[in-house]
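Below is one structure, written out as structure tokens; the observations come after it.
Every number here is computed from the coordinates shown, using simple stated rules; none is lab data. These numbers come from a predicted model, not from an experiment. Neighbour counts run over all protein chains shown; Cβ positions are idealised from the backbone, glycine included.
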Amino acid sequence: MALPNINPTTTESWKRLQEHYKTVKDVHMKDFFAQDNERANKLTIKWDDFYVDFSKNRITEETFKYLLELADEVKLKEAIKSQFSGDIINQTEGRAVLHSALRAPKISECHVDGVNVIPEVYQVKQKIERFTNEVVNGDRKGFTGKIFTDIVNIGIGGSDLGPAMVVDSLQYYKNHLTTHFVSNVDGDHVNEVIKKLDPETTLFVVVSKTFTTQETLSNANTLKAWFLKSASEDAIGKHFVAVSTNIQSVKSFGIDENNIFPMWDWVGGRFSLWSAVGLTISLAVGYNNFESLLNGANKMDEHFKTEDFKTNIPVVLALISIWYNNFFKAESEAVIPYSQYLNQFATYLQQGIMESNGKSVDRNGNPIDYETGTLIWGEPGTNSQHAFFQLIHQGTKLIPADFIGFTKSLHGNQDHQDKLISNFLAQTEALLNGKTEKEVIAEGTRSDIIPFKVFKGNKPTNTIFINKLTPESLGKLIAMYEHKIFVQGIIWNIYSYDQFGVELGKQLASKILQEFNNSDNSDHDSSTSNLLNYYKSLA
Ligand code: F6P
């Protein structure tokens with residue numbers, strides 16, 4: 001079944017939200033709290049080890065009601081069913097969207113073109129498990145008989161960001177293997193990594209769904225050439241493995257067929273860490289932890305599929321985000337994890353959210369006249385408090401923010417944890433309440449600087465409080481955002497699973513690359529032409 005094609009702005013609920021917005025836009029959230037002692041309880045979802053408080057938002061019960069009606073009017077329920085049933089919902093590329101099948105239980109069924117894909121998924125999982133155990137236990141050795149000490153993940157975009165973020169986030173659970181990530185075509189990146197490697201003890205994991213990506217192939221070739229300075233061609237079989245759908249090209253690169261971990265075109269790159277693209281994760285934290293990550297995501301899938309929209313975490317977060325993006329016209333959203341482990345989380349989400357929903361043509365092929373994808377950014381607290389929080393508190397822009405925290409710390413230093421969480425709680429409180437002129441005066445502030453010390457507050461936040469950072473809870477958290485992306489794409493009536501926008505730059509780059517050796521490069525605008533000539537004259 002194809003996705004419904006409903007322009008959200010033509011729905012009754014959208015029109016109601018537009019009218020309703022006028023009555024809410026100038027109200028301070030403090031008043032909402034003052035009017036209803038039960039507000040926080042009413043607008044909190046407790047699910048498993050997640051406590052999601054969305055009461056510090058500029059919404060009323062009426063807003064929430066209309067947003068839920070919007071979800072119904074755009075037929076979100078039917079769309080969720082289509083996605084999980086393996087329908088071709090990525091219509092522009094003619095593909096199903098089934099990253100959820102990668103974390104589904106063995107007994108489940110999921111059909112693509114009439115074939116249940118779960119058995120294949122489990123075959124590859126078994127291969128990941130076997131390979132991981134061999135490397136981690138030291139049964140699989142390098143060409144001189146030494147055990148592996150270092151893993152290099154070579155990939156970019158979804159073939160890099162997911163594994164890199166998860167390995168970094170789960171470093172507490174890491175084994176003895178040192179992991180490196182090479183992504184940028186900037187040769188300085190790969191050369192800095194090479195400095196840390198020993199060819200005898202390094203395993204290379206080349207990850208590219210298409211196996212055509214310039215950056216990945218260039219880095220893989222550079223690393224292969226470096227490796228072959230110390231080893232013979234035969235040794236490649238021991239040291240290079242690949243994850244790809246393009247088996248033929250992997251073989252042409254010189255990687256043994258037994259060392260290829262397949263994936264499928266129904267897994268989008270930015271949603272692929274659950275597939276063999278996560279091989280480096282499995283190697284870094286062990287297969288059992290990798291499986292826990294997948295189990296966590298599966299739990300969130302079940303929640304998303306079955307929970308009433310009113311208490312459905314990804315749906316609620318998506319609706320709130322639509323409220324700010326399309327009615328308040330907020331341009332960006334911040335994601336602030338109060339965990340240093342989640343240092344790369346916002347960067348990872350940027351691809352997921354912005355590559356998916358950065359679209360301006362609707363599912364009918366018509367230009368869109370409403371806002372779609374939000375800008376995503378963020379850094380861990382408390383560091384970010386000392387960097388960009390000033391702008392969130394007192395700047396002119398409205399920046400809704402997700403605050404993600406963990407009630408328990410992993411190393412168990414309670415003093416640090418209490419300080420961390422007191423900041424976590426204090427910031428959303430400050431963003432909600434601000435500080436009035438009266439309060440500033442009461443502090444004995446010098447009269448001429450009173451205006452500068454007033455905080456308006458009324459800045460919206462969601463608090464996502466999780467028990468502990470584990471592979472399972474991280475899996476839930478990532479899947480939560482994946483589903484939020486889906487819901488927003490459905491409401492905006494766009495195709496979230498293609499990324500044609502990144503192609504033009506790639507095409508022009510290969511044209512320019514050829515022209516570095518040509519004398520004629522007149523086929524450009526004068527700015528590009530001048531820059532090209534400038535580079536040629538100096539490089
Ligand atoms: O830049 C676009 C993109 O296609 C991403 O969507 C993808 O994650 C990345 O390139 C890498 O692609 P591949 O895994 O095919 O090398």
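Numbers for the structure displayed
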quantity	calculated
Amide H contacts under 5 Å for Gly381, placed H, 5+ residues apart	Tyr338, Ser339
Val207 long-range amide H proximity, modeled H, under 5 Å	Ile154, Gly155, Val243
Computed lengthening from Ala34 to His524, 0.36 nm per intervening residue step minus Cα-Cα distance	170.3 nm
Beta bridges by DSSP in segment 132-269, antiparallel share as percent, to the nearest 5	5 percent
Centre separation in Å (Cα based) which lies between segment 19-34 and segment 446-522	28 Å
Cβ-Cβ FRET estimate between His189 and Lys77, R0 fixed at 45 Å, reported to 0.05	0.50
Unit charges on C-beta of K, R, D, E only; dipole of segment 99-290, Debye	320 debye
Simple Cβ-charge dipole of the chain, Lys/Arg +1 and Asp/Glu -1, about Cα centre, in debye nearest 20	700 debye
Trypsin sites (Lys or Arg not before Pro) within segment 461-501, DSSP loop, no more than 13 other Cβ atoms inside 10 Å	Lys468
Backbone HN-Hα couplings from phi across segment 483-490 [Karplus 6.51/-1.76/1.60, Hz, Gly and Pro as x]	6, 4, 4, 4, 4, 5, x, 5
Segment 247-307: chymotrypsin sites (Phe, Trp or Tyr not before Pro) falling in loop per DSSP and having at most 11 other Cβ within 10 Å	none
Estimated 222 nm signal from helices in the chain, with DSSP H stretches of n ≥ 4 weighted -39500 (n - 2.57), rounded to 500	-13000 deg cm²/dmol
Segment 332-447: antiparallel DSSP beta bridges as a percent of all, rounded to 5	10 percent
GluC sites (Glu not before Pro) lying in DSSP loop within segment 400-472, provided at most 16 other Cβ fall within 10 Å	Glu443
Per-residue ³J(HN,Hα) for segment 469-475, Karplus 6.51 cos²θ - 1.76 cosθ + 1.60, θ = phi - 60°, Hz, x for Gly and Pro	7, 10, x, 5, 5, 5, x
Residue order, fewest to most beta carbons within 10 Å, for Arg95, Arg130, Arg446, Arg58	Arg446, Arg130, Arg95, Arg58
From phi via Karplus (6.51, -1.76, 1.60), per-residue ³J(HN,Hα) for segment 97-106 in Hz, x at Gly/Pro	10, 10, 4, 5, 5, 6, 10, 7, x, 4
Model label zone, Ala509; criterion: amide N under 14 Å from point 7 Å along Cα-to-beta-carbon; scope segment 198-219	212-219
Dipole of the chain, positive end: most advanced residue of Ala479, Gln18, Gly395 [Cβ charges, Cα centre]	Gly395
Ranked list, fewest to most other Cβ atoms within 10 Å of each Cβ, for Asp150, Asp26	Asp26, Asp150
Among beta bridges that DSSP assigns inside the chain, antiparallel share in %, nearest 5	30 percent
Residues with amide H under 5 Å from that of Val112, placed H, sequence gap 5 or more	Val117
